[in-house]
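Asker: First the structure, which I've put down as structure tokens, then a few questions once you've had a look.
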Amino acid sequence: MDIRFSVRREKILSGVRNMRIALPGVAYRLLEIPGNRSYQLDGHPRGSGKREGRMGVKKRMVFALFLLAMAPGSLWAAGENAPAAVSIPDAAAKAAVEPDYLIGPGDTLNIEVWKDPTLTRLVTVLPDGKVAYPLVGEIMAAGKTASQLQRELDLNLSRFVKDAVISVEVRQVNSLQIYVLGRIRTPGRIILTSNIDVLQAMALAGGPDQFAKLSRIRIIRREGGKSVVIPFDYDDVIAGKHLETNILLRRGDVIVVP
């Protein structure tokens, strides 16, 4: 037995085995031994002569050297063509960007005109949704954002004051109210300072009591002069199911816990 040839063969076979990690699956299969034939310790296939065993190893040496030379380029190309990692948003981000606050009856607004203190006013939105302002008169504020009301005031005031710079600020939120009724520990009205969802509202009300029918909770909402009933299954949402039903509440929503 040629000891030097045996050592070289063992090194090559070892390298071929290590290439399973680096080479693509198709390329590595070119090096696999057909028929899963077992090999003796000296590298010759069982039941074959030394000539056949040495020729098989030499052929695999050629394939191994060729694939080792090609592998870096293949891996580089694979790295370039690999898709970019995609960031998957968590469930909390699903509720996403909260809508801009809409002014409502009872809110306190601070309206200022730059360098004109006579037109600076702290006004309260009336129950009909309007505010009174000098030179402009009554103007509808409810249902608008502060920026929308600012643009409307600017348009109306420009007829009397040239190049007026107006700012509108919601000084105090009084109209963002919801109601929680039924099998809840602290039923009643909740005055909010920010947008919240159904679970958060129930937490503010102390949570459901032990007799509540948690799969039959309803949210009653006024839309376009009509009442809309939105179902809510507390148990499902707590278990991580149907999270889209945990909606952001709107002004005047009523949560009924039977």
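Asker: What number in nm² do you get for region 155-234 if you take the convex hull of its Cα atoms and divide its surface by four?
Answerer: Hull-based average projected area comes out at 8.0 nm².
Asker: Oh, and also: Could you list which residues have their amide H under 5 Å from that of residue 145, counting only those 5 or more apart in sequence or on another chain, with H placed in the peptide plane?
Answerer: Under 5 Å from the amide H of residue 145: 103.
Asker: Taking amide hydrogens as modeled 1.01 Å from N in the peptide plane, which residues meet the under 5 Å criterion relative to residue 197, leaving out close sequence neighbours?
Answerer: So residue 197 has HN proximity to 249.
Asker: Which distance in Å, rounded to a whole number, links the C-alpha centroids of region 237-258 and region 192-218?
Answerer: 8 Å
Asker: Once a ≥ b ≥ c are taken as the square roots of the eigenvalues of the Cα gyration tensor of region 108-172, is the result rounded (a/c under 1.5), prolate (a/b larger than b/c) or oblate (a/b not larger than b/c)?
Answerer: prolate
Asker: Quick one: P(r) of region 138-194 from all Cα-Cα pairs, 5 Å bins, percents rounded to integers, in order of increasing distance.
Answerer: 4, 15, 18, 16, 12, 9, 8, 7, 5, 3, 2, 1
Asker: Below 12 angstrom from the Cβ of residue 149, what's the summed charge of the other residues (Lys, Arg +1; Asp, Glu -1)?
Answerer: With Lys, Arg at +1 and Asp, Glu at -1, the neighbours total -2.
Asker: Under a 5 Å amide H to amide H cut-off, with H placed in plane at 1.01 Å, what residues pair with residue 120 once short-range neighbours are removed?
Answerer: Answer set, sorted by chain and number: 113.
Asker: How much net charge surrounds residue 241 when only the other residues with a Cβ under 13 Å from the Cβ of residue 241 are counted, with Lys and Arg +1 and Asp and Glu -1?
Answerer: Values: positive: none; negative: 233, 235, 236, 244.
That sum, taken over residues with Cβ under 13 Å, equals -4.
Asker: Quick one: Karplus J couplings for region 246-258, per residue in order, coefficients 6.51, -1.76, 1.60, θ = phi - 60°, nearest Hz, x for Gly and Pro?
Answerer: Here the 3J(HN,Hα) series is 7, 7, 6, 7, 10, 4, x, 4, 10, 9, 10, 10, x Hz.
Asker: So, how do all the Cα-to-Cα distances of region 111-246 break down into 5 Å bins, in percent, from 0 on up?
Answerer: Here the calculated profile for region 111-246 is 2, 8, 15, 16, 12, 10, 9, 9, 8, 6, 4, 2, 0.
Asker: Within region 133-167, which trypsin sites (Lys or Arg not before Pro) sit in a loop by DSSP and count at most 13 neighbouring Cβ atoms inside 10 Å?
Answerer: 159, 162
Asker: Related question: Given an 8 Å cut-off on Cα distances and at least 6 residues of separation, report the relative contact order of region 108-172 as a percent.
Answerer: In percent, rounded to a whole number, it is 39.
Each value in this text was obtained by applying a stated rule to the coordinates, not by laboratory testing. From a predicted model like this one, the values you see are computed outputs, not experimental measurements. Virtual Cβ from ideal backbone geometry, glycine too; neighbours counted across all protein chains shown.
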